[in-house]
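Asker: I'd like to ask some things about the structure below.
The values are calculated or read from the model by the stated rules, or taken from the named source; none is laboratory data. Small disclaimer: the values here were computed from a predicted structure and weren't measured. For neighbour counting, all protein chains shown are included, and Cβ atoms are generated from backbone atoms with ideal geometry for every residue, glycine included. Surface areas here come from the heavy atoms of the whole protein model, side chains and all, with no ligands, DNA or RNA. Shrake-Rupley method; radii C 1.70, N 1.55, O 1.52, S 1.80 Å.
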Amino acid sequence: MSSVPEVTCRTRSKRLPWFFVAAGAAGFLLVVARLVITGGPPDRWVLIGLLLMPLGVGGAYAAVVRVHADADGLSYRTLLRRRGARWEDIADVRVNLQRGRHSDIHRVEVVTRGGAVWRLPLPVGPSSEGQKAFDGTVEELRALHRRHGTPESDHLVVITGRTAGRRGGLPAVVCALFLAGAALAAWFVPVVAETRLAWTSAAPCAAESAAHDRDCLTTLSSVIARTEVKKGKGNSYLYFAGGRPIDRLAVSREGARGFEAGDRVRLTVWRGEVREVVGEEHAWREHFPGAGEVTVLAALCVLAAGMTGSVIVQRRRGRRLPADEVMPSSAPFAGAAVGTAVWALPYCYQHPTLVPDAPGDVVWAGLGSLASLALVLWAWRATRVRPPGPGTPDSTPLDDEDVFLPARFLESTDYNPNGFGTHIVLGADGPAVTPHPGPGRFAARPIPVERLVVRTVRRPRGGDGDTVPKSWDVAELEDGDRVIRLAAAPAHLGRILRAFTASDEAAPAGGPGAR
């Protein structure tokens, strides 16, 4: 790969983009002809032309886009942009993995010495030729970089949603939206409280003030003409005979089911709208939310903002980590938010203004706040970025009894064909890979520990895949002329590597384990 002279990426099809360009040009001419030349009003031909024009823009982009790399450097061009840099000005060539609806989308990123990140328009994986074609193109770009520049990393950096290098723009926007929703709900609390109080304290209108006072209750009689019960979450409707006092009224589905055509009902009008429909056997009343309900909604928005804010904080804490190192999970902060909701939501419902009314409420709020603070401190400690290592040592002595530990080799080998192993069993018969947690060594494959040499133990990276939990570590082992990766929890990984060493030292002199 080091002798790659140049790499050029273009759209695979050469005719299809120009076909779309022609279609877009035809649509543009059609719109001009109908609106300008003939001067007629917009019609279906204008709509067809407007639909064809975006195809022309997309076709022009596909026809022009190009990425080129050679001994002089790397450059790319699109419909509106050109960019390039020499290899000595490029720090790294890496892969950014984005989640798609049906499959992952792989993009190539170029990191310059100044810290700027370019996302190349091509290649995009998986391509029409498969994932291997994308991986081959990336390796060719990295080979040119190694030959003519100085890469900062000795391995392919893969950025995923779990790694430190993922940009945090979306969580920041979501957090801001939740905070805005909380502020809006808090602003509505006094309005809702006032409206509910006015409704519950409203009195029937006097005859002389019925036409002028909208805050009093007016009672009217009517007959149900028919009902319309909607399925799902849509509104159901009551229709009144003669369209009096209104043609129809939107009610809940349960409210509409209780009435039938011909029922005589009494309507209560308040502030110009029907608020109650009362029949002989059924009644519907409009629900006026209380101030406590709106305060609970505001509190939920604050908690949701805190959960998304924890993602931002986690990325901030990992800003000095390698871009492809997997960050600890933010789940402990979600647990802290749930624990806070247990006491805070009932308190907000009973105290919409958040001001305690009795000494018991002060104790409630004080103890709840202390519990939330303790949960946040626990979450902060649980999500700290720990260095790779054994963590809590597993000092269980090695004996003859089989012990099954969750672990997996990330490469397929003769003792782990097609990556079938999910556990490693340790015991008198030596370490082995198994596809089950035991008991018994059914389908176990012995591990040739005499061939393995530990190179390093590190934190998970984006290139290790999503099958490796964030709390595990990865050991890189030399197996002959190749490097394989073994992933397990820190304590389990330390015990497995200790068993490998013990099994290797126990090999008889001159035997297959001798060095």
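Asker: Loop-only check: which trypsin sites (Lys or Arg not before Pro) in the stretch 4-70 are DSSP coil with at most 16 other Cβ within 10 angstrom?
Answerer: 12, 14
Asker: Mind checking the per residue accessible area of the chain for me, 1.4 Å probe, whole number of Å²?
Answerer: Value for the chain: 56 Å² per residue.
Asker: Calculate log10 I(q)/I(0) of the chain for q = 0.07, 0.08, 0.10 Å⁻¹, where I(q) comes from the Debye formula with a single equal point scatterer on each Cα and nothing for solvent.
Answerer: For the requested q values the scattering log ratios are -0.74, -0.88, -1.06.
Asker: Also, quick follow-up: Between residue 350 and residue 453, how many nm apart are label points set 7 Å from Cα along the C-beta direction?
Answerer: 6.9 nm
Asker: Excluding residue 332 itself, calculate the net charge of residues whose Cβ lies under 11 Å from the Cβ of residue 332, where each Lys or Arg counts +1 and each Asp or Glu counts -1.
Answerer: +2
Asker: Would you compute, from DSSP H runs of 4+ residues alone, the mean residue ellipticity of the chain at 222 nm, taking -39500 (n - 2.57) per run and dividing by the full residue count, rounded to the nearest 500?
Answerer: -12000 deg cm²/dmol
Asker: When we measure straight from the Cα of residue 231, which aspartates and glutamates land under 13 angstrom away, once same-chain ones fewer than 8 places off are left out?
Answerer: Of all the aspartates and glutamates, those that pass the test against residue 231 - Cα under 13 Å, at least 8 places apart if same chain - are 254.
Asker: I would also like to ask the following. Within the chain, which complete DSSP H helices have Cα atoms spanning at least 20 Å along the helix axis and a mean Kyte-Doolittle hydropathy of 0.5 or higher?
Answerer: Sorted by number, the helices that extend far enough and score high enough are 15-32, 44-64, 169-200, 291-317, 331-350, 359-382.
Asker: From the protein chains alone at 1.4 Å, what is the descending order of accessible area for 18, 45, largest first?
Answerer: Largest accessible area first, the list is 18, 45.
Asker: Note the full-extension length gain between residue 10 and residue 285 as 0.36 nm times their separation in residues minus their Cα-Cα distance, in nm to one decimal.
Answerer: 92.5 nm
Asker: A further question on this structure: If I model a spin label at residue 420 and residue 260 as a point 7 Å from the Cα along the Cα→Cβ vector, what separation in nanometres do I get?
Answerer: 6.8 nm
Asker: Can I ask one more? First measure r as the distance between the Cβ atoms of residue 119 and residue 385, then evaluate 1/(1 + (r/R0)^6) with R0 = 25 Å and state the FRET efficiency to the nearest 0.05.
Answerer: 0.40
Asker: Sticking with this one: Of the accessible area of the chain, with the probe set at 1.4 angstrom, what percent is carbon plus sulfur?
Answerer: For the chain, the apolar C and S fraction of the accessible surface comes to 59 percent.
Asker: Work out, step by step, the length gained on full extension between residue 334 and residue 370: first 0.36 nm times the residue separation, then minus their alpha carbon distance; give nm to one decimal.
Answerer: Stretched out fully, the residue 334 to residue 370 stretch lengthens by 11.3 nm.
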